[in-house]
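Written below as structure tokens is the structure these notes are about.
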Amino acid sequence: MTQNKHPNKQNNQRKQSSLASNKQAARQSIRSKKDVWYKLDLSAIVYPTLQRRDFSSVYRLSVVLKEEIDPVLLQKALDKTLPRFPTYKVAIRKGLFWRYLEPNNRPGPYVREDIKNPCMPMHFKGNNRYLIRVYYYGCRIALEAHHCLGDGTGGMCLLQTLTAVYLGMQGHTIPPSGFVLNLEETPNPGELEDAYMRYATAKVKPPRPAEKTYRVRGTKEPFYTLNIIDGVLSVQEVMAVAKRYGATITEYLNAVLLYALLLKQNEEFHLKLRPVRIAMPVNLRRFFPSKTLRNFITMVYPSIDPRLGEYSFEEIVTQVHNFMRYYINDKFLCGDITTNAATQHNLLIRVVPLFIKDLVVKTFYTRVQDKNSSAGLTNMGALQVPEAMKPYIERFDIYMGQPFSSRTNCAIISFEDILTINFASSIIEADVERHFFRKLIQDGIHVKIESNRTHDLS
């Protein structure tokens with residue numbers, strides 16, 4: 001029997017070998033994670049192109065709970081939740097021909113106390129390259145996300161899942177359902193897909209509206225200032241008034257915004273009248289089955305042309321009602337998707353260097369696309385949450401974020417009997433918002449106004 005004369009030496013060799021093996025496995029793991037990347041979806045391609053020092057395409061979703069937020073617990077909930085959303089735990093990168101999203105394993109993102117002016121520009125190299133922010137204040141949890149990651153539906157899945165995990169850590173059991181995803185499940189491939197390309201199947205590409213519309217004139221606020229005006233209403237009251245006009249809530253509120261914009265244009269000096277048009281996102285998941293958490297929306301443009309004559313409010317409601325019935329269906333929306341996807345199918349455009357694409361897209365958007373609408377309006381509708389989560393929630397809010405140009409954006413969401421209408425603008429004047437809420441009050445709807453503005457709203 002032989003004795004080992006150098007046991008420590010052999011142990012050290014084994015440890016070094018094991019350490020080298022672990023390092024190699026870690027390098028392979030990191031390499032494999034970096035090999036997973038996501039091409040920007042059809043809508044997301046535009047948003048980074050429009051990025052400026054003072055502008056990012058950022059939206060905000062928030063939930064108000066009935067108890068004050070514990071930031072330490074919220075951070076733990078975020079750390080646990082985010083890996084379930086691989087297309088949100090990413091950084092954006094620039095290639096020769098396109099941008100793409102790659103997994104981001106840097107520390108963060110970190111929850112922070114909320115700020116007065118939300119939806120501030122989100123620079124791609126800041127915040128450890130994360131494209132989301134999570135804030136807390138009082139009883140509120142707020143999620144801000146860059147639009148290149150996904151639309152409001154994807155963001156709402158992340159916010160509700162985060163909220164459910166947070167409540168779970170407080171001892172409340174919230175079973176996954178609806179917007180609340182199961183953290184134990186591997187992400188469904190359908191959640192990660194660019195659904196536009198699957199449904200761009202129409203044999204005709206409808207043209208886009210090209211005529212210039214009325215643009216709100218106002219005094220631009222200083223950099224990093226976003227004016228917020230919220231209206232809190234009763235769903236039942238709004239529904240009753242909309243029914244009186246023979247319209248849905250969405251149709252009625254679109255008509256009120258068009259009415260407010262017409263009043264604003266008539267108050268201003270103008271050499272000639274212009275059409276008033278609203279850019280309204282439509283959630284395509286309602287018409288085309290998809291589980292994607294990325295962007296899957298398209299725009300429709302309800303409008304009124306005052307050059308044809310004066311419109312009563314009842315006529316505006318009728319026009320909007322008929323527009324919605326005519327355009328919002330799977331056939332027209334499929335054609336719209338196909339029009340948007342045409343550039344992606346063009347081989348010549350695909351091999352054009354990215355800096356040239358950026359120049360062309362930015363020029364087209366600034367000179368044509370942005371001038372096609374007078375305001376933006378989105379309605380997420382009646383929000384559903386798991387039954388076990390309802391007792392802990394007061395309300396939800398949604399903000400479209402900072403407008404690209406001098407105008408106002410309006411976002412609507414409801415939960416139980418609370419409907420919130422959230423305006424965001426970067427100009428001092430609030431004439432459109434004032435006309436909007438006055439019309440609601442004239443129609444017998446009670447409105448509670450909240451704002452971060454220091455200017456007089458009366």
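The values are calculated or read from the model by the stated rules, or taken from the named source; none is laboratory data. Keep in mind the model is a prediction, meaning the values are calculated, not measured. When we count neighbours, we look across all protein chains shown, and the Cβ atoms used for this are built from the backbone with ideal geometry, even at glycine.
Looking only at residues of the stretch 399-412 that are buried (at least 24 other Cβ atoms within 10 Å of the Cβ) and modelled with pLDDT of 95 or more, we find that the one that is farthest from residue 179 (Cα to Cα) is 410. When the residues of the stretch 254-280 are filtered to those that are among the aliphatic types (A, V, I, L, M), in contact (Cβ under 8 Å) with a residue 60 or more places away in the chain and in a helix (DSSP H, G or I), the one that is farthest from residue 218 (Cα to Cα) is 255. Pairing residues of the stretch 239-253 that are of a type in the set (Asp, Glu) with residues that are part of a helix (DSSP H, G or I), at Cβ distances under 6 Å and at least 6 apart in sequence or on separate chains, gives 251/320; 251/321; 251/324. Which one is nearest to residue 271 (Cα to Cα) among residues in the stretch 204-247 that are within 25 Å of the chain's Cα centre (by Cα) and among the polar types (S, T, N, Q)? Selected residue: 213. Among the criteria (1) part of a strand (DSSP E or B); (2) in contact with a Pro (Cβ under 9 Å, 6 or more places away or on another chain); (3) small (Gly, Ala, Ser), the one residue 411 does not fulfil is (2).
In this structure, does residue 225 turn out to be modelled with pLDDT of 90 or more and of a type in the set (Ser, Thr, Tyr)? Taking the combined requirement at face value, the residue does not satisfy it. Taken together, 98, 37 contain a single residue that is modelled with pLDDT of 85 or more, in contact with a strand residue (DSSP E or B) (Cβ under 6 Å, 6 or more places away or on another chain) and not aliphatic (A, V, I, L, M), which is 37. Among all positions in the stretch 250-260, there is no residue which is surrounded by fewer than 18 Cβ atoms within 10 Å (Cβ to Cβ) and not charged (D, E, K, R). Figure legend. Inter-residue proximity from the stretch 51-72: first residues within 30 Å of residue 358 (Cβ to Cβ), second residues among the aromatic types (Phe, Trp, Tyr) and in a strand (DSSP E or B), beta-carbon distance below 6 Å, spacing 6+ or different chains. Indicated pairs: 60/399. Within the stretch 84-113, the residues that satisfy the criterion of being assigned to a loop (DSSP other than H, G, I, E, B), free of Cβ contacts under 8 Å to residues at least 40 places away in the same chain and surrounded by fewer than 16 Cβ atoms within 10 Å (Cβ to Cβ) are 106, 107, 110.
Matching residues to (1) under 26 Å from residue 198 (Cβ atoms); (2) assigned by TED's automatic domain parsing to the domain that holds residue 181; (3) surrounded by fewer than 17 Cβ atoms within 10 Å (Cβ to Cβ); (4) not aliphatic (A, V, I, L, M):
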site	(1), (2), (3), (4)
351	yes, no, yes, no
361	yes, no, no, no
367	no, no, yes, yes
391	no, no, yes, yes
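Taking residues in the stretch 415-434 that are more than 24 Å from residue 222 (Cα to Cα) and at pLDDT below 95, and partners anywhere that are part of a strand (DSSP E or B) and basic (Lys, Arg), not one pair has Cβ atoms closer than 6 Å while being at least 6 places apart or on different chains. In summary, residue 285 fulfils each of the numbered conditions (1) free of Cβ contacts under 8 Å to residues at least 24 places away in the same chain; (2) of a type in the set (Lys, Arg); (3) under 27 Å from residue 147 (Cβ atoms) with the single exception of condition (1).
If I filter the stretch 442-453 for residues that are of a type in the set (Val, Ile, Thr), within 20 Å of residue 406 (Cβ to Cβ) and buried (at least 17 other Cβ atoms within 10 Å of the Cβ), do I get at least one hit? The answer is no; no qualifying residue exists. Look at (1) within 26 Å of residue 201 (Cα to Cα); (2) surrounded by fewer than 16 Cβ atoms within 10 Å (Cβ to Cβ); (3) of a type in the set (Asp, Glu) and you find that residue 336 fails only one, number (2). Filtering the stretch 131-186 to residues that are among the aromatic types (Phe, Trp, Tyr) and in contact with an Asp or Glu (Cβ under 6 Å, 6 or more places away or on another chain) leaves 135, 137.
Residues in the stretch 233-246: is at least one in a strand (DSSP E or B), over 25 Å from residue 207 (Cβ atoms) and among the hydroxyl-bearing types (Ser, Thr, Tyr)? Yes, the stretch 233-246 has at least one match.
Screening the candidates 110, 88 for the property of being under 21 Å from the mean Cα position of the chain (by Cα) and closer than 27 Å to residue 409 by Cα yields one hit, 88. Using the structure shown, decide if residue 408 is within 20 Å of residue 254 (Cα to Cα) and either of a type outside the set (A, V, I, L, M) or in contact (Cβ under 8 Å) with a residue 24 or more places away in the chain (or both). Yes, satisfied.
Only one of the numbered conditions (1) closer than 26 Å to residue 285 by Cα; (2) part of a loop (DSSP other than H, G, I, E, B); (3) not polar (S, T, N, Q) is not met by residue 453, and that is (1).
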